[in-house]
Structure formats: structure tokens, C-alpha cells
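Below is one structure, written out as C-alpha cells; the observations come after it.
The values are calculated or read from the model by the stated rules, or taken from the named source; none is laboratory data. None of these values were measured; they are calculated from a predicted model. In this analysis, Cβ positions are derived from the backbone assuming ideal geometry, glycine residues included, and neighbour counts consider all displayed protein chains. The accessibility values were calculated without ligands, DNA or RNA, using every heavy atom of the protein model including side chains. Shrake-Rupley method; radii C 1.70, N 1.55, O 1.52, S 1.80 Å.
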Amino acid sequence: MSKDRLGAFMDAIIAIIMTILILELKKPAEPSLDALLKLWKNILVYALSFIWLGSMWVSIHNAWDRIEKISQKTIWLCIMLLFCSSFMPYTSSLVGSYVDSRVIEGFYGIVVILTTVFLTLIYYSLANDNDIPEVCTYLRKVTKLLCIDIVIKLVALVIGVLFYPPIVAIGIVIAAIFIAVGRKVHLYGII
């Protein structure tokens, strides 16, 4: 399979998942500003999930632009990433409704962590699939950043499940900020 065919397939599935996110967003009980403002948690979780999926999509495309080859292993890792990502609309909807539930926040955190694990494994696999030194260096740097990202999310998951459930979502935001800053610092030499 060509990298372009797999890239197009992943684009389509991620676009569908991101579209379903908005369909899972609750409607206000009545057409008023007060009723809409009561849904602020749902809207916030929607925004977090949409931005997180969008940043994952950008990350994948940054890799795809650099690589030349993909292996069967990489293809199956991409399938697993899409499988885990497909839970995002469902878990986002649940978190919006049950933001203080340890079980629901834990489920959301596990979905995000598993998706990130598969993204990390994809980068690692792509580094093995391709033999261009600059590309492999880039992919390995991103893999290291993603490993730290996973640790941040795991710590937030444990703290959230044990003490204060919204910490799971806060950890995802912190990890996203880390990745954004880390990419600029480590990959582009900024600062």
C-alpha cells in the first residue's frame, strides 16, 4: 500500500470522528442563552477533544510529509490508532455529562492514552521503515516527546481517578501544551 493511500484513509476516518464529535454535543433544553451556558462543560470537552484530534492529525501529516515507505506493521498500527480514536465522540459525550465521574474520566483518559501510545508506535515504526537519516532523527525526537506526553497523561489519569476526576482532562491539556512547546524547542531549535 502506498503512503498516500493510507494517509487518505486516515484523513477520512479522522474527519468522520471529528464530525461525529459535534453530533454528540447536547442541544440546549430551550433556545436561550441561559440554557446554552448550562452546557459549558459539554462544549469545553468537545473543544478539547476536537483540538486534540486535530493536533494528532497535524502530527501524523508532519511525519507523512517526510517519509517514503510504510510497512504492514505501520498500517496495522494506524488501524489501531483509528480504532482507539473512534471512541472519542462517545467518551467526550460521557465526560460532558458526567465530568465528576472517576469511571467516565478514567475511560476518557484511557482512550486518549491508548491513542497516543499507537501514535508513538507509528512514529517508531516509521523510523524503522525509512532509512533517511534526517527523517529518522525527526521521528525519534517526536517519539521521545510523545513518551513524555504519555507519562504526563498517565500521571493525570491516576490522580484524576484517585482524587479529582477533572484532572484527567487538565492533564491532557498540559500534555498538549508540552508537545506544542517541546516540538518548537527540540525539533526546530527555538528558544
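Over the chain, accessible surface divided per residue gives 54 Å², non-protein components excluded, 1.4 Å probe. When Rg and Dmax are taken over the Cα atoms of the range 116-191, they come to 14.3, 46 Å. Per the Debye formula on identical point scatterers at the alpha carbon atoms of the chain, with no solvent, log10 I(q)/I(0) at q = 0.15 Å⁻¹ is -0.90. Protection proxy ranking for 50-58, 34-42, using the average of other Cβ atoms within 10 Å per residue and placing the highest first: 50-58, 34-42. By accessible area, using a 1.4 Å probe on protein heavy atoms only, the chain has 72% of its surface on carbon and sulfur. Using the Karplus relation 6.51 cos²θ - 1.76 cosθ + 1.60 with θ = phi - 60°, the per-residue 3J(HN,Hα) values for the range 115-129 come to 4, 5, 4, 5, 4, 4, 5, 5, 4, 4, 5, 4, 5, 6, 6 Hz, with x marking Gly and Pro.
Residue by residue, the range 54-71 carries 3J(HN,Hα) couplings of x, 5, 5, 4, 4, 4, 4, 5, 4, 6, 4, 5, 9, 7, 10, 10, 9, 9 Hz when phi is fed to the Karplus relation 6.51 cos²θ - 1.76 cosθ + 1.60 (θ = phi - 60°); x denotes Gly or Pro.
Checking the cross-link pairs 26/184; 41/73; 27/153; 153/184 against a 27 Å limit on the alpha carbon distance flags 26/184; 41/73; 27/153 as lying beyond it. Comparing Cα centroids, the range 35-70 and the range 102-125 end up 13 angstrom apart. Note on the chain: helix-only mean residue ellipticity at 222 nm, from DSSP H runs of 4+ residues weighted -39500 (n - 2.57) and normalised by residue number, equals -26500 deg cm²/dmol.
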